Structure formats: C-alpha cells, structure tokens
1. Go through the stretch 382-396 residue by residue and turn each phi into a ³J(HN,Hα) via Karplus (6.51, -1.76, 1.60, θ = phi - 60°); whole Hz please, and just put x for glycine and proline.
2. Determine by what factor the alpha-carbon radius of gyration of the stretch 395-531 differs from 2.2 N^0.38 Å, reporting the quotient.
3. On C-alpha positions alone, give me the angle between the axis of helix 6-19 and the longest principal axis of the chain, in degrees, nearest 10.
4. With each run of n ≥ 4 DSSP H residues scored as -39500 (n - 2.57), what mean residue ellipticity at 222 nm is computed for the chain after dividing by its residue count and rounding to the nearest 500 deg cm²/dmol?
5. Can you pull the semi-axes for the chain, root of five times each eigenvalue of the Cα gyration tensor, sorted largest first, whole Å?
6. Per residue, how much space in cubic angstrom lies within the convex hull of the C-alpha atoms of the stretch 1-157?
7. With charges set only on the Cβ (+1 for Lys and Arg, -1 for Asp and Glu), what does the dipole of the stretch 69-188 come to about its Cα centre, in debye to the nearest 20?
8. By its C-alpha gyration tensor, with a ≥ b ≥ c as the square roots of the eigenvalues, how is the stretch 82-126 shaped: rounded for a/c under 1.5, else prolate for a/b larger than b/c, else oblate?
Amino acid sequence: MATSLQELQNWVDSVAKLTQPESIHWCNGSDAENKRLINEMQRSGDLVELDHESHPNCYLHRSDPSDVARVEHLTFVCSRNQDDAGPNNNWMNPADAHKKIDALFEGAMQGRTMYVIPYCMGPIASPYARLGVEITDSPYVVANMRMMTRMGDEPLARIEKDGTFVKGLHSTGDLDPEKRFIMHFPEELTIKSIGSGYGGNALLGKKCHALRIASWQARDEGWLAEHMLIVGVENPDGEIHYIACAFPSACGKTNLAMLVPPESHKGWRVWTLGDDIAWLHLDEGGKLRAINPEAGYFGVVPGTNAKTNKNAYDMIQSNTIYTNVATTADNKPWWEDKNVGTPAIDWQGREYDPENGPAAHPNSRFTVSAKMNPSYSLLADAPEGVPIAAIVFGGRRKELAPLVYEAKNWRHGVLVGAGVASETTAAAAGEIGVVRRDPMAMKPFCGYNFADYWAHWLGFDEESKHLPKIFHVNWFRQDSSGRFLWPGFGENLRVLRWIIDRCEGRAEATETPIGYLPKAGDIDTSDLDITPDTMDALLSVNIEQWKSEMDSVGDYLQSYGERLPAALMAEHETVVSALKEAS
Ligand code: OXD
Ligand code: MN
C-alpha cells in the first residue's frame with residue numbers, strides 16, 4: 001500500500017482499474033522528482049527549455065491550439081438537486097454525469113503514467129487549509145501543481161491524519177473538444193476533468209477545488225471562498241492594512257496584487273499574499289481573516305513588462321513554466337507588450353507572421369512559485385492568515401462606474417458585489433468585450449446557487465460587528481474618444497490609500513445614491529499628470545445611466561426567482577428610490 005489511508009488507496013486502485021495506466025507514480029514533491037519529470041517532458045516535447053543564461057530553469061509548454069482557456073460551457077456542477085447548483089451553473093444529475101464522464105475515462109491512461117498528487121490548499125499548519133489529491137496523466141499538471149500548491153509528502157501525511165480530502169481525477173484524454181468536461185460533485189467532494197490540459201481546467205486545486213468545491217463547503221461551514229487577491233499596504237509609518245479584491249478574470253488582478261508604488265510614494269510598500277483566491281473566516285473577535293489557499297501564480301503573460309508589473313516581470317525571469325508564449329530567435333520568451341525583443345516563433349510553434357494574429361496567445365500564462373515574488377509577504381504562510389480591513393469589488397467598465405465608491409453598509413456592499421459586471425476578456429473561451437454580469441467576480445466559480453450565495457454573504461452581518469468595509473473600483477473608465485481616464489497600475493495605490501483612510505475614519509466622502517465617493521481632492525494626485533476635470537469625470541455619477549443599470553441589476557437578481565433573499569431586493573429598492581429622488 002502506498003498510503004495508510006484505505007479510502008485513498010481504494011480510490012487510486014479504482015481509478016487505475018478504470019483508466020488502465022501503464023504505471024502509477026505517487027508524487028512526493030521533491031526536487032529530484034521534479035527534475036526527472038522536466039527531463040522526461042523535454043524528451044517528449046511537452047516542454048522546451050528556454051535560453052538558460054537569461055532565463056534559468058524556464059520552460060515553454062505549447063498546449064493544443066483548441067485548448068487555451070477555461071471552458072465554462074463544458075463546466076458542470078452536479079449537485080443532487082438542480083436548484084442547489086442554480087441558474088449560474090450548468091448542471092447534470094450526478095449519476096448521469098458520472099456515467100458520461102467515466103465512459104470517457106475508460107482506458108484513457110493506457111500507455112501513460114498515472115500520477116497521484118497529494119496537495120494542501122493553504123499553509124500546511126493552518127486550521128483553515130484543506131487537502132486534496134489530484135490524479136492525472138499529465139506531467140505538465142504535476143509540475144504546475146508543485147508550484148501552485150503545497151504538494152507531496154507533507155500533505156499526504158496530513159491527509160492520512162485528517163482522513164478527508166477532495167478527490168480530483170484528471171486526464172488530458174485525446175484533447176477532443178467534443179469529449180471535454182469539467183465536472184464537480186460537491187456533495188461527494190469530487191472533481192472529474194477530461195479532455196483539457198490547460199490551467200483552470202486541469203490544475204484542479206485552483207478553480208475547481210479552491211473555488212467551486214470550497215465555496216460549497218464554505219457555505220455549509222460558515223466561511224467564504226472567494227475569487228480575490230490579498231495585499232498588505234504598508235505606509236511610511238510601518239502600518240499595514242490588508243485588503244481583499246475581487247475582479248473578473250484578466251482585469252489586472254495580478255498587477256494589483258504585486259503593485260509597485262510609484263516614485264512619488266517613497267516609503268510605501270505593497271506586500272502580496274495572493275493574486276487570485278482568498279479563503280475568509282471570522283475569527284473569535286469577529287474579524288474576517290484571509291488565507292491564500294495557493295502557493296504560486298498562474299498569471300496572464302501579455303502586457304507584463306518592467307513598467308506595468310515589475311515584480312511579476314522580474315519574477316518570471318527564472319524558475320518559470322510559460323504556456324503558449326512566443327519565442328525570439330535567441331530562444332527567449334516573448335509576448336505582446338513585453339517591449340523587449342522581437343518574436344520569431346509564435347505560440348503554436350510556427351514562424352511568426354503577423355497575419356496569423358498575436359505572437360503569444362492573449363491568454364498565455366506563467367506559472368511560478370509565489371516565493372519568487374519580490375513583494376512576497378511572509379504572512380502568506382501564517383496559519384491564522386491576515387485580518388482584512390476592506391473588501392474591494394471591481395470590473396472593467398468603459399463608463400458608468402466611478403473610479404471608486406464605498407458601499408453604505410455590509411448589506412449594500414453585498415448588492416454592489418452582486419451587481420458586478422465586466423467586459424469579457426481572453427481568460428475564458430468566448431466573445432471578447434461583451435458586458436456580462438459577474439457577481440463578486442464568481443460567475444464561473446461559485447459552486448452553488450448565487451441566490452443562496454448572496455444569502456450566505458448577507459448572513460455575515462448577523463455574525464459580526466467588525467466586518468470590513470466594502471468598496472467598488474473601476475480602473476478602466478474611458479472618455480468619449482476611448483482614452484483611459486485613470487493611469488492605473490502603480491498609481492492605483494492612491495485609490496487604495498483613500499480606501500484605507502476611509503476604514504480608519506481619516507478621509508471625507510460625499511454621499512450619493514450609489515454610495516460614498518471621495519470629495520474632490522480626497523484622492524492624492526500630487527506628481528500625477530491628471531487635470532481636475534479628469535478627476536471630476538472619473539468620480540462622476542450619471543444618475544440616468546445608473547437608473548438603467550439598477551433596472552438591469554434588478555432584472556438580473558429577479559432571474560434567481562424564489563430563492564433570492566428578500567433583503568437583497570429591499571436593498572436594491574433603497575438604491576432605486578435614492579436614484580429617483582436625485583433625478
Ligand atoms: C484565472 C481566471 O485564470 O480567473 O485566474 O480565469
Ligand atoms: Mn482568476
């Protein structure tokens with residue numbers, strides 16, 4: 001027996017019987033194991049070594065061209081009761097789902113090695129951490145999971161001690177999009193994914209476990225699993241405030257998580273705890289504490305450069321797996337807006353020809369250990385996590401949403417989160433640039449009915465008097481000629497400062513029907529080339545536009561029918577009335 005836990009051994013045996021691998025390897029997470037896998041992948045062509053002088057220990061993986069993003073239309077939540085999955089999820093009856101996907105798993109690992117990856121989401125000693133085991137036939141997945149989670153012997157020991165773990169079964173299958181499914185069985189703590197080797201579809205610890213399954217568990221157990229980055233903002237006096245921010249995919253989360261303070265902000269530091277997922281628990285004093293369940297970053301590469309995100313840029317010069325970037329003639333990784341070098345080979349391995357589109361895929365990714373980040377916070381390993389001062393929601397909106405506003409109270413904040421909308425990006429397959437509702441940035445990731453999810457959020461108000469304040473930001477507002485009004489990137493610190501000052505009772509605000517906004521001059525714009533008129537435009541609230549926005553939010557909420565919490569509609573009514581009065 002490879003493990004003392006009978007349930008785990010039985011499951012591994014049954015998967016082997018179904019998928020018929022040539023061999024089985026239990027991953028211990030060691031350097032030697034990783035080296036061996038990397039060597040094997042180089043031999044098989046799964047990985048290409050990049051120039052080792054400029055990019056030591058960096059590799060390129062090219063995925064199948066039909067397998068470059070998450071596939072939301074093929075992602076299912078298979079709860080016993082369809083209403084528990086809700087209109088926000090594709091649903092299949094669990095028995096039918098198992099039958100359908102198990103048929104695809106039959107013999108899927110023939111001639112391949114089956115890897116068993118024990119992993120821990122969260123600091124290994126944390127009471128908030130959760131365990132999982134992913135079985136996969138992809139060595140690329142193993143190498144990624146090693147950076148994205150705490151993986152190997154230590155998690156296995158904790159799994160054997162605790163006796164509970166999430167079961168994730170993955171095979172790349174034959175990569176036929178017709179035979180691709182990502183299925184979640186929350187009541188069985190089980191995930192099954194076949195037909196994709198790509199990121200969020202295949203690294204099951206991330207979106208599948210840490211969001212879809214964990215959000216379901218969190219609802220049952222009284223905590224929150226959220227699509228949020230976590231940062232610590234340190235002021236020149238050494239005070240650190242921790243903020244958790246939810247943005248839809250590819251809206252600058254990684255940049256904000258690794259923000260480099262601008263020249264004008266001497267003495268400020270931003271510490272990264274997480275760039276994608278936060279697990280939030282109330283502590284005994286009623287404070288919301290966050291841990292990042294992940295141990296690495298799976299970030300979007302294009303656009304990353306020494307100006308936009310110096311920490312990420314520096315971090316991915318070594319010990320990084322790149323997926324679907326282009327390369328230069330001297331075998332360095334290349335992507336759009338890198339601003340250094342020229343592409344020779346595109347992401348599909350063809351000679352670069354602009355006629356074929358971008359050289360790097362717009363959703364090309366880097367995988368790197370969080371410890372490589374120059375702004376890595378040591379508290380990312382703290383078992384008890386960090387106290388959260390503010391929750392920030394945001395979306396990519398050309399107009400409408402001001403640069404920043406504060407919700408009037410927790411209940412209003414839940415409405416603000418529920419109304420988050422964003423223009424779609426390349427992180428998921430589908431049309432780009434269309435506005436879609438993405439409540440709490442969880443549309444693709446909430447493992448249960450959004451109506452129940454909002455009720456769960458609202459319930460925190462009764463549990464604690466010390467909840468964080470809730471804000472909304474929009475870095476992407478444009479003028480009529482399509483020019484971004486706000487410089488973004490490091491300058492976003494100025495907005496975070498106002499947010500923190502509001503939490504500390506140190507900043508003024510104007511009350512508007514949609515929430516509290518900074519007064520003119522409250523956001524420090526010193527050393528910034530921005531006119532007062534632009535600031536006015538960034539902080540303007542167009543009542544008529546907001547009335548139709550709230551109508552659309554209302555219609556959206558109503559589409560959740562009977563389960564929709566009355567308190568959320570009551571809050572909606574309050575905002576609608578305030579807008580009417582103001583017009
Ligand atoms: C991601 C996403 O990959 O949100 O983090 O799509
Ligand atoms: Mn994400």
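1. With coefficients 6.51, -1.76 and 1.60, one gets 6, x, 8, x, 10, x, 9, 8, 8, 10, 10, 9, x, x, 9 Hz.
2. This ratio for the stretch 395-531 stands at 1.14.
3. Rounded to the nearest ten degrees, it is 70.
4. The helix contribution divided over the chain gives -8000 deg cm²/dmol.
5. Rounded to whole Å, the semi-axes are 38, 28, 23.
6. Numbers: hull volume 26.8 nm³, N = 157.
Spelled out: Cα convex hull of the stretch 1-157, divided by residues, is 171 Å³.
7. Working: 13 positive and 17 negative charges, 59 e Å.
Roughly 280 debye, rounded to the nearest 20.
8. oblate
Read-outs: derived from the displayed coordinates by stated rules, not from any lab. Not measured: the values here are computed from a predicted model. Because the Cβ atoms are built from the backbone with ideal geometry, glycine has one as well, and the counts that use them run over all protein chains shown.
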